[in-house]
Amino acid sequence: MMKGKLAGFFIASILTLTTCKTTSTSLNQKVEIKEMVKSPDVTLVDVRIPEQYQAGTAKGAINIPLAEIQSNIDSLKGKKIVVFCNKGIQADQAMEILKKNGVEAYDGTSLQNVKAIQDEKQPGK
């Protein structure tokens with residue numbers, strides 16, 4: 001009976017430790033993405049189709065649809081890129097392609113997320 005309790009405690013401890021780790025990592029990524037979106041030397045890339053891009057996008061974003069990311073790698077190399085789409089699915093796929101090709105890329109997830117970061121008021125301004 002004691003072994004079962006000990007094993008349960010051990011498993012619970014591991015879960016707690018890994019859960020805390022995940023939370024701090026995602027928090028750091030949120031802080032980092034805010035800094036990246038607001039940085040003047042970052043290129044925002046909307047990976048949605050042109051019709052969606054033309055209907056509205058984030059300030060200063062360029063449109064490179066997901067299907068064209070691979071063929072635009074050379075023009076993106078050497079730049080810091082933040083990719084986004086409607087819900088983050090295409091942005092995740094674009095991230096994989098960019099990272100695999102050595103492009104410094106960050107996941108802005110969705111248009112809504114990127115616009116919310118851009119619209120945040122700076123403290124004291």
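Quick notes
- Residue, surrounded by the fewest Cβ atoms within 10 Å (Cβ to Cβ), within segment 58-98, restricted to residues that are among the small types (Gly, Ala, Ser), in contact (Cβ under 8 Å) with a residue 40 or more places away in the chain and in contact with a Ser or Thr (Cβ under 9 Å, 6 or more places away or on another chain): Ala61
- Where Ala55 falls short, out of the listed (1) surrounded by 14 or more Cβ atoms within 10 Å (Cβ to Cβ); (2) under 19 Å from Asp119 (Cβ atoms); (3) among the aliphatic types (A, V, I, L, M); (4) out of contact with any helix residue (DSSP H, G or I) (no Cβ under 9 Å at 6 or more places or on another chain): (1)
- If only residues of segment 99-112 that are out of contact with any Phe, Trp or Tyr (no Cβ under 7 Å at 6 or more places or on another chain) and not in a loop (DSSP other than H, G, I, E, B) are counted, the one that is surrounded by the fewest Cβ atoms within 10 Å (Cβ to Cβ) is Lys100.
Only the coordinates and a few stated rules stand behind these numbers; no lab work does. Every value quoted in this text rests on a predicted model; they were computed, and no experiment measured them. Cβ sites come from the backbone with ideal geometry, for glycine too, and all protein chains shown count toward neighbours.
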